[in-house]
Amino acid sequence: MPKKRESRGRRKGDKGTIERVQCDNCGALVPADKAICVTRMYSPVPPGLAEELEKKGAVIMKYPVKKCYCISCAIHFGIIKVRPEEERKPRQLTI
């Protein structure tokens, strides 16, 4: 079987076995180098209340939250996109 990607869809390199992380959406165990991890800022205060407090001069802290997704969940949430056919690796026909 020819391989579809040179990296086989991972960022592992020559490291050997990599620990697994759990997808925050579906719970699947995914290798850490294959998982799509996104860091977003989270505020425990509701946005409407935060806006009023900031007008009065209060400082509201936002905390970074790191979430890791499997490939299928990352595509479903729109974090990564499927490339159009023109941009994909050209298929070589073997006869």
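We did not get these values from a lab; they are worked out from the coordinates using the rules stated. This is a predicted model, so every value here is computed, not measured. Every residue, glycine among them, receives a Cβ derived from its backbone with ideal geometry; neighbour counts consider all protein chains shown.
Worth pointing out:
- LYS62 exposed (fewer than 11 other Cβ atoms within 10 Å of the Cβ) and without any contact (Cβ under 8 Å) to a residue 40 or more places away in the chain: no
- Test: SER43 is in contact with a helix residue (DSSP H, G or I) (Cβ under 7 Å, 6 or more places away or on another chain) and of a type outside the set (A, V, I, L, M): yes
- Among the numbered conditions (1) in contact with a Leu (Cβ under 7 Å, 6 or more places away or on another chain); (2) on the phi > 0 side of the Ramachandran plot, the only one that GLY9 does not meet is (1).
- Considered as a group, the residues in segment 36-48 that are surrounded by fewer than 12 Cβ atoms within 10 Å (Cβ to Cβ) and not basic (Lys, Arg) include one that is nearest to the chain's Cα centre (by Cα), and that residue is THR39.
- Candidate set: segment 1-33, residues that are under 19 Å from HIS76 (Cα atoms) and out of contact with any strand residue (DSSP E or B) (no Cβ under 9 Å at 6 or more places or on another chain); chosen: the one surrounded by the most Cβ atoms within 10 Å (Cβ to Cβ): GLY9
- Filter result for VAL21 (part of a strand (DSSP E or B) and in contact (Cβ under 8 Å) with a residue 12 or more places away in the chain): yes
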